[in-house]
1. Restricting attention to region 58-70, and to residues there that are surrounded by 18 or more Cβ atoms within 10 Å (Cβ to Cβ) and part of a strand (DSSP E or B), which single residue is modelled with the lowest pLDDT?
2. For the subset of region 224-276 comprising residues that are among the aromatic types (F, W, Y) and more than 19 Å from P200 (Cα to Cα), which member is least open to solvent (accessible area, probe 1.4 Å)?
3. Restricted to region 495-534, and to residues that are under 15 Å from V482 (Cβ atoms) and hydrophobic (A, V, I, L, M, F, W, C), which residue is nearest to the chain's Cα centre (by Cα)?
4. Closer than 20 Å to K460 by Cβ, at pLDDT 90 or above, part of a strand (DSSP E or B) and touching a Phe, Trp or Tyr at 6+ places or on another chain (Cβ under 8 Å): does that describe F526?
5. Would you confirm, using the coordinates I've provided, whether N523 is on the phi > 0 side of the Ramachandran plot and open to solvent by 60 Å² or more (accessible area, probe 1.4 Å)?
6. Kindly list the number of the only condition in (1) closer than 29 Å to T190 by Cα; (2) surrounded by 14 or more Cβ atoms within 10 Å (Cβ to Cβ) that fails for Y79.
7. Condition check: farther than 19 Å from P106 by Cβ, surrounded by fewer than 20 Cβ atoms within 10 Å (Cβ to Cβ) and in contact with a Gly (Cβ under 9 Å, 6 or more places away or on another chain). Does K23 satisfy that?
Amino acid sequence: MNKPKIVRPEECQPAPARWFDRKKYVTMNFMVQKPKDVQVDIQPNKLILCCKNDTDDVFYNELYFYDEVQIYDSRERVYDRTINVLLRKTKPDYAWPRLQKDPAKPSWINVDFDNWRDWEHEEDEGKEEYDRYVDMIQDMAASNKGAAPDMGDLSDFVTSVVSCCPAELKHEINGKKEKLKGFNVKLQDTILFPEGGGQPDDHGLIGDVQVLRVTRQGPDAIHFVCSSLEVGQEVLLKVDWERRFDHMQQHSGQHLITALADTMFGFKTTSWELGRQRSTIELDTPCVKPAQLSALEQAINEKIRAHVPVTVQLLSIDDPAVEKVRSRGLPEDHAGPIRIIDIEGIDANMCCGTHVSNLSHLQVIKLLGTEKGKKNKTNLIFLAGNRILKYAEKSFSTERSLVSLLKTGPDEHVEAVDKLQKSVKLLQKTNLSLLRDMAVLIAQSFKNDPHRGNFFSLHKKEGDNEFMNIIANEINTEETLVFLTVGEEKGPGLFLLAGPSGPVTEMGPRVLELLQGKGAGKNGRFQGKANNMARRGEVEALLQQHCKHHTSEEE
């Protein structure tokens, strides 16, 4: 949310403050009696506070932090005698020896020794710090600042509706794309990530209204919903955390794989895709050898086990440090600071996406293999985190089903399936041979019938184009109209109409229409695919009537 700029008053004094350090946060308490007109601006690298006390004395504090903080996970709360500020560290488990960047200590800052702890040597691994943090952040949520942030990320957030306009969304439902009518909503601020940087958008709720899509329009996030929202209305925004965390794992995993593939083998990443079930990285190399793939996977998971921190930096566009980070360029409509995702000692990359705060949150990464890409490139397929657990569960379920079907252990499944495939191919070959013999016998039986007419019709569930053509070839179609079909009786299949060129040319399009099919004809044959055999009887009756009429005309 864009806050009004706080201007330093002409006459003011700093409010005295006490501070203490914790593993994940820093706390500042400004001592002001009955504070009013309070303005607080928490930036990644500094804080500005301006307020008055009960006697209208004006206070103004401006402080550059020792290290950066996460602004969306930081809060302030006004009490009767203090203004408490909670700052979430960008680098957790990193001690601040002082509050301010400048080694020279301002006179208005003092250490709160009653709350200070030598947390690096705490035996309970920060349990006390965690409890105190949760209590404090829940207390702050009672104000109008919004709901408490989750310990890992913001899971819900209070904001307001800026605009709500009618809109349409092309949405896929059960594999079919449909147009949904709804509304594009712009909020004062949002915790839902709009699609970009190779990462899909977040889903969630605005109040009780489902957010189906989030897109970026310049600096704004546009939320598509099916119900209208009142402009100015205050709403609770909730993120679908399972979807968000999955995207965080895959995206941070991609950064790690990309960095190590480049460092170890010089394989540059040219693009990537975060898919619904698996993700793909396009590498600028014609091939990746199995040994290289194995070494890369081992190195990746070693970094995950090393608990390497992942931090976010915001740099101005003219900062020299920007030139040292990996990037594929900025969007044309980019505005504001440059966001850098820094995997400590491994990679620094411009990125707008959501990420884990430590590589250990990735759990594990599995490189499934490679596929040939376009223009001498290779697609590397991978899974990260919870997707591997789901993949393992699905694979085990499949394995149990195969054990039941094949009556063999998992180690023998490949051999068993290979034998089955060979048996099926042999049976198919034998079946085709029998069908050909049957086609010849069917045609000969018709030709030997002394009472045969000038029309022959047959449907057989099993068969193919060759089966129908053999029958047509054996029968003298110069005198006889032949209508043959194979496939389901009331479903899809194949058809063949053969005979004198006149009747075939005339009746072929009508056959297509009744069978809802596609096909073409020439030289006395009209054949194709039928989408629905349910009206086959009508076609047969129509052709018989045509043949009778044609015979009566000749007589």
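1. We begin by selecting, within region 58-70, every residue surrounded by 18 or more Cβ atoms within 10 Å (Cβ to Cβ); these are 59-61, 63, 65-66, 68-70.
Checking the rest, the ones that are also part of a strand (DSSP E or B) come to 59-61, 63, 65, 69-70.
Details: F59: 95, Y60: 96, N61: 94, L63: 92, F65: 94, V69: 91, Q70: 87.
Step by step, filter region 58-70, then rank; the result is Q70.
2. Here is the first cut: in region 224-276, the residues among the aromatic types (F, W, Y) are 224, 241, 245, 265, 267, 272.
Remaining after also requiring more than 19 Å from P200 (Cα to Cα): 265, 267.
On the way: F265: 63, F267: 21 Å².
Applying the filter and picking the extreme gives F267.
3. Taking the candidates together, the pick is F495.
4. Considered against the rule, which asks whether it is closer than 20 Å to K460 by Cβ, at pLDDT 90 or above, part of a strand (DSSP E or B) and touching a Phe, Trp or Tyr at 6+ places or on another chain (Cβ under 8 Å), F526 comes out as no.
5. Yes; evaluated as a whole, the condition is true for this residue.
6. Y79 satisfies all of (1) closer than 29 Å to T190 by Cα; (2) surrounded by 14 or more Cβ atoms within 10 Å (Cβ to Cβ) except (2).
7. In short, yes.
Listed here are the residues, each with its yes/no results for (1) surrounded by 11 or more Cβ atoms within 10 Å (Cβ to Cβ); (2) modelled with pLDDT under 90; (3) within 30 Å of V356 (Cα to Cα).
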| position | (1), (2), (3) |
| --- | --- |
| K375 | no, yes, no |
| N379 | yes, no, yes |
| N386 | yes, no, yes |
| E399 | yes, no, no |
| D418 | no, no, no |
| S423 | no, no, no |
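The values are calculated or read from the model by the stated rules, or taken from the named source; none is laboratory data. No experiment lies behind these values; they were computed from the predicted model shown. Ideal geometry is used to build each Cβ from the backbone, glycine not excepted, and the neighbour counts take in all protein chains shown. In case anyone asks, the SASA skips ligands and DNA or RNA and just uses the protein heavy atoms, side chains included. Shrake-Rupley method; radii C 1.70, N 1.55, O 1.52, S 1.80 Å.
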